[in-house]
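Asker: Have a look at this one.
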Protein chains: 2
Amino acid sequence: MNKLLIVGTVAFDAIETPFGKTDKILGGAATYIGISASFFNLQSAIVSVVGDDFPEEYLKLLTDRNIDISGIEIVKGGKTFFWSGLYHNDLNSRDTLVTELNVLADFQPKVPQDYKNAEVVMLGNLHPLVQSSVLDQMETKPKLVVLDTMNFWMDCALPELLAIIKRVDVITINDEEARQLSGEYSLVKAAAKIHQMGPKYVVIKKGEHGALLFHGEEVFFAPALPLEEVFDPTGAGDTFAGGFSGFIAQSENVSFDNMKNAIIHGSNLASFCVEKFGTERMIKLDKKEVVERLKQFKSLTQFEIEI
Amino acid sequence: MNKLLIVGTVAFDAIETPFGKTDKILGGAATYIGISASFFNLQSAIVSVVGDDFPEEYLKLLTDRNIDISGIEIVKGGKTFFWSGLYHNDLNSRDTLVTELNVLADFQPKVPQDYKNAEVVMLGNLHPLVQSSVLDQMETKPKLVVLDTMNFWMDCALPELLAIIKRVDVITINDEEARQLSGEYSLVKAAAKIHQMGPKYVVIKKGEHGALLFHGEEVFFAPALPLEEVFDPTGAGDTFAGGFSGFIAQSENVSFDNMKNAIIHGSNLASFCVEKFGTERMIKLDKKEVVERLKQFKSLTQFEIEI
């Protein structure tokens, strides 16, 4: 079985959407990525940090899905990273109400020895120096390194971000961030500029409008599944990244054609994530539902024109 | 050969985008629909009205594409409908600067006798009473009636609009208009409500984010082709409608599976329309380019996951 190494936050989130609000619940990029990737045949481990206020049951939730948590440092007397956000009516935009870095402020990631030869590395959204440090610790060159990031790092750690972007194979980024990073409004031009920064594959996430995969002159598009109700978009991008990297790790095939499949798997899993608050839907999801919805993706997109 | 009957404006447009501006050029829904549909094997006719200020060369441009213009009334001493719009930087929104109805104000459409048995009727954006009058004049029931409309008629002629919506098979409408018409934010819910108003098929156009086709519980999605530069979106929706109705008329197959193909043909043709001002790109387009880009649509959307 192939190994997937995941780095990212494991955190508390408090979320408010037009449909309701939560107290502090389980969140964090690595949490969503790990749960999503657990739908594939692979071994996975998370590198992250929490405080000793982090509930045992949340950690058990990860180990129950065979996720190795030996790389999640628990800081005695420390407080877990906390994020709180308020979504606007259209759910496409949100305000960050609270960001308490807490134990994340001094985080030094430690990759478990067993995962220093992981085939796929998924660098979830975190400080670019933390992402770099994880890559530095690898003892064999991974078959694929995927990077997720956000505008926050473009604003306050651009040189470090550009340095890690140069080292990865795939970058996943949303449309506004792609525009900010490249200075180009057209996503086709933005992807071309980001290619020049290093990554051979550029994935641009457009939320409810789907995702684009660029590889040189080639483009692939996966729609988001049209849903009656999007309840809470939190974690959708990370769930997408977990499905993408998890499928690649399982199939061990980094061709462009297989990445198309990976994008579809990522979109498919993300379509469940948004149906409930936080990780609620993903935790109760079973593989049969995943396969059923994949069929919906096929009938949503496949057509028969002969050329 | 099947017949396609088109009703809609034939007009002057003056357009300003971030890339430049035009004087009065050829425009109008029926113009774009007719040019787009002319890429298929069919006979077509336009029902519309212009003033005697309308240049002979514009009419010749239509007849050169084998479009029957005997249903385009030329009002002596009348002035042609004129629309002027200014697109914002993202090209997704625009301000209407001028709307001069002119000869359109008293327009009584007259369907040419030869087209009173047309297999497909494309009711382009116009007053709902004009659209109704065209349907009233048909002597045999068309195989498919497609309606395009806009928010303007929802604001000022809603009862008349609802009456014509009840009589058509397919409605094409953009996302904001679907929300206004249905009172639902979710496009899935909006489509379900619009189904109840009459049309068995609901096409929701999302501009650069593609188009959705709903038929009961079934959904199909066609992306817009990612382009380096969108130069002028004017006429893209009409070009889409012309490709959709033109392909249906050619293939004479109104199954859901064939409508998927029709949506792709419509998106494909619309992707050319936006590359230049007005009808400029469509007029110079050849069938080889159309086929080449269809291949791009296939590789953009088709994947190999076996389920």
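Asker: Give me the extension gain from A:Ser255 to A:Glu176: residue separation times 0.36 nm, minus the current Cα-Cα distance, reported in nm with one decimal. Spell out each step's value before the answer.
Answerer: Details: separation 79, 0.36 × 79 = 28.44 nm, distance 2.71 nm.
Residue separation times 0.36 nm, minus the Cα-Cα distance, leaves 25.7 nm.
Asker: For the range B:163-188 and the range B:1-51, what is the separation of their Cα centres, given in Å?
Answerer: 23
Asker: Given the protein assembly as shown, report the % of alpha carbon pairs whose separation exceeds 38 Å. Don't skip to the answer; put the middle values down first.
Answerer: On the way: 69272 of 188191 pairs.
That fraction is 37 percent.
Asker: So, one more: Sort shortest first the distances from B:Lys295 to its counterpart in every other copy, using label points 7 Å along the Cα-to-beta-carbon line, and give them in nm.
Answerer: For B:Lys295, the other copies' label points sit at 3.4 nm, shortest first.
Asker: May I ask you to derive the relative contact order of chain A, considering only C-alpha pairs under 8 Å and at least 6 residues apart, and to give it as an integer percent? Let's see the in-between values first.
Answerer: Working: 669 pairs, mean separation 53.7, N = 307.
Worked out over chain A, it gives 17 percent.
Asker: Evaluate the relative contact order of the range B:170-307 (contact order divided by residue number), counting alpha-carbon pairs under 8 angstrom at least 6 apart; express in whole percent.
Answerer: Numbers: 190 pairs, mean separation 24.8, N = 138.
For the range B:170-307, the relative contact order is 18 percent.
Asker: So what's the net charge close to B:Tyr87: Lys and Arg +1, Asp and Glu -1, counting the other residues with Cβ under 11 Å from its Cβ?
Answerer: That works out to -2.
Asker: Put a point 7 Å out from Cα along the line to Cβ at B:Asp136; what are the distances to that point in the other copies, in nm, shortest first?
Answerer: Result for B:Asp136, in nm, nearest copy first: 8.0.
Asker: Can you list, shortest first and in nm, the gaps between the label point of B:Leu227 and those of its counterparts in the other copies, using a point 7 Å from Cα in the C-beta direction?
Answerer: Label-point distances to the other copies, shortest first: 3.1 nm.
Asker: Follow-up question, since we're still on this one. Label points 7 Å out from Cα along the Cβ direction at A:Phe19 and B:Lys298: separation in nm?
Answerer: 3.9
Asker: Once you average over the residues of A:175-185, how many Cβ atoms of partner chains fall within 10 Å of each Cβ?
Answerer: On the way: counts 0, 0, 0, 0, 0, 0, 0, 0, 0, 1, 6.
Partner Cβ neighbours, averaged per residue: 1.
Asker: When only Cα pairs under 8 Å and 6 or more residues apart are kept, what is the percent relative contact order across the range A:73-119?
Answerer: 34
Asker: What's the average, rounded to a whole number, of partner chain beta-carbon atoms within 10 Å of each residue's beta-carbon in B:188-195? Spell out each step's value before the answer.
Answerer: Values: counts 5, 3, 0, 1, 1, 0, 0, 0.
Taking the mean over all residues of the peptide, I get 1.
Asker: Note down the nm distance, to one decimal, between modelled labels 7 Å out along Cα→Cβ at B:Asp95 and at B:Ser70.
Answerer: With each label point 7 Å from Cα toward Cβ, the separation is 4.6 nm.
Asker: Taking every DSSP beta bridge that has both residues in the range B:103-220, what percent is antiparallel when rounded to the nearest 5? Mind showing how you got there, number by number?
Answerer: Working: 7 of 19 bridges.
That works out to approximately 35 percent antiparallel.
Asker: Would you calculate, for the protein assembly as shown, the mean residue ellipticity at 222 nm contributed by helices, counting each DSSP H stretch of 4 or more residues as -39,500 (n - 2.57) and dividing by all residues, to the nearest 500? Present the calculation step by step, with values, prior to reporting the outcome.
Answerer: Numbers: 22 runs with 224 residues, N = 614.
Mean residue ellipticity, 222 nm, calculated: -11000 deg cm²/dmol.
Asker: Sort all Cα-Cα distances of the range A:166-214 into consecutive 5 angstrom bins from zero, then give the percent of pairs in each bin up to the one containing the longest distance.
Answerer: 5, 27, 36, 24, 7, 1
Asker: According to the square roots a ≥ b ≥ c of the eigenvalues of the Cα gyration tensor, what is the shape class of the range A:120-255, taking rounded for a/c under 1.5, prolate for a/b larger than b/c otherwise, and oblate for the remainder? Numbers along the way, then the final one.
Answerer: Working: a/c = 1.38, a/b = 1.20, b/c = 1.15.
Rounded shape, in that the Cα axes give a/c under 1.5.
Asker: Follow-up question, since we're still on this one. Looking only at B:Thr234, B:Thr63, B:Thr172, which one moves most when chain B is put into a Gaussian network model with springs between Cα atoms under 10 Å?
Answerer: Per the Cα network of chain B with a 10 Å cutoff, B:Thr63 tops the list.
Asker: On a C-alpha basis, how far is the centre of the range B:97-147 from the centre of the range B:243-261 in Å? Whole number, if you could?
Answerer: The range B:97-147 and the range B:243-261 have Cα centres spaced 20 Å from each other.
Asker: Normalise the Debye intensity by I(0) for the range B:199-307, one equal point scatterer per Cα, no solvent, then take log10 at q = 0.15 Å⁻¹ and round to two decimals.
Answerer: -0.63
Asker: Next question, about the same structure. Students often check this: by mean Cβ neighbours within 10 Å, which of B:124-131, A:250-257, B:99-106 ranks highest, and how do the rest follow? Walk me through the numbers before you get to the answer.
Answerer: On the way: B:124-131: 23.8, A:250-257: 14.5, B:99-106: 16.4.
Answer by packing, highest mean first, reads B:124-131, B:99-106, A:250-257.
Asker: Continuing with this model, one more query. Which percent, nearest 5, of DSSP beta bridges in the range A:3-301 are antiparallel?
Answerer: 40
Asker: Further question on the same structure: Using the Kirkwood radius over C-alpha pairs as Rh, can you work out the diffusion coefficient of the range B:1-150 via Stokes-Einstein at 25 °C, viscosity 0.890 mPa s, in µm² per second? Each step should come with its number before you reach the end.
Answerer: Working: Rh = 15.8 Å.
For these conditions, the coefficient is 155 µm²/s.
Asker: Mean projection of the alpha-carbon convex hull of chain B over all orientations, in nm²?
Answerer: Working: hull surface 61.8 nm².
Dividing the Cα hull surface by four gives the mean projection, 15.4 nm².
Every read-out reported here was derived from the displayed coordinates using simple, explicitly stated rules and does not represent laboratory data. No experiment lies behind these values; they were computed from the predicted model shown. Cβ: placed from backbone, ideal geometry, glycine included. Neighbour counts: every protein chain shown.
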